[in-house]
1. Between Arg78 and Thr5, what length in nm is gained on full extension when 0.36 nm per residue of separation is reduced by their alpha carbon distance?
2. Using only the Cα atoms of the range 91-144, build the gyration tensor, take square roots of its eigenvalues as a ≥ b ≥ c, and label the shape rounded, prolate or oblate: rounded if a/c is under 1.5, else prolate if a/b is larger than b/c, else oblate.
3. What does the charge count around Lys68 come to, taking other residues whose C-beta lies under 9 Å from its C-beta (Lys +1, Arg +1, Asp -1, Glu -1)?
4. Please give the calculated 222 nm ellipticity per residue for the chain, where each DSSP H segment of at least 4 residues contributes -39500 (n - 2.57) and the sum is spread over every residue; nearest 500 deg cm²/dmol?
5. Fewest first, what order do Asp21, Asp128 take by the number of other Cβ atoms within 10 Å?
6. Hand me the GluC sites (Glu not before Pro) from the range 54-158 located in a DSSP loop with no more than 16 other Cβ atoms within 10 Å, in residue order please.
7. Taking amide H positions as placed 1.01 Å from N in the peptide plane, with prolines and chain starts having none, which residues 5 or more places from Leu7, or on another chain, fall under 5 Å of its amide H?
8. So how do Ser86, Ser121, Ser171 line up by other beta-carbon neighbours within 10 Å, fewest first?
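Computed from the coordinates by the stated procedures, all read-outs in this text should not be read as laboratory data. Computed from a predicted structure; not experimentally measured. Quick reminder, even Gly has a Cβ in these numbers, built from the backbone with ideal geometry, and neighbours come from all protein chains shown.
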Amino acid sequence: MTDETVLETPRLLLRTWRDTDLDDLVWLHSHVQASRYLSITGQPWTRDEAAGRMTGWAEEYRLHGVTKFKLQRRDEGRFIGRAGFSIFAATGQFELGYAIAPQFWGQGYATEIAGALANFSFERKIGDHFIAFAHVDNTASLNVLQKIGMRFQHTGPMNGLQAHVYTMNSSDRRSR
C-alpha cells in the first residue's frame, strides 16, 4: 500500500500501511494489555503474525476499499494503534475493529475513531450495516460501541472468545 490518509478527525489520522510500518504493528501487539482480548490465547503477536495481518489488510483494501488502517495522532504523527473495517469471515459482514496502545487509553481516541469510521462507512456506502464485538470483560471497548450508538445484538462466541456483538445500520447513525 502507499502511504495515504484515508480519514481525519480533529486529533487523529487514519492512514494506509507501508512496509516500514511493520515495527509499529509489532510494537502495538507486543503489549499483553493490547492483545489480551483479541484471541483465545491473548498472547502478543509475533513478527510473522503482524506481517501476515499487514499482507491481509493490503489485500482487503485492494478488494473492498477498506481495511484496518494505521492510526496516528495528527499533532506529531505518532503511531498509536490501528482501526478500520474488515470482512468478518464467519458472517461475511463488515466488522469495525480497533486496537490502541495502552499508554493512549483513556483519552477518547477509540471513541473518536470508531465514531468517525461509522460516519465514513455510511458516507462512502461501504455497506448498509456493520458489526463490532468485544470480549465480555473488555468494558472499555464495550463502552465505545455503546457511545457511538451501536445496538447490542447478542452474546456468544466470536473468534473463539465470549463476546458481546453489536450492529449499526445507516438509520441508527442518522438518528444520533
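1. Length gained, Arg78 through Thr5: 24.9 nm.
2. Oblate shape, in that a/c is at least 1.5 and b/c is the bigger or equal ratio.
3. Result for the neighbourhood of Lys68: +2.
4. -9500 deg cm²/dmol
5. Asp128, Asp21
6. Here the sparse-neighbourhood loop sites are Glu76.
7. So Leu7 has HN proximity to Leu14.
8. Details: Ser86 18, Ser121 23, Ser171 10.
Ranking Ser86, Ser121, Ser171 by Cβ neighbours within 10 Å, fewest first, gives Ser171, Ser86, Ser121.
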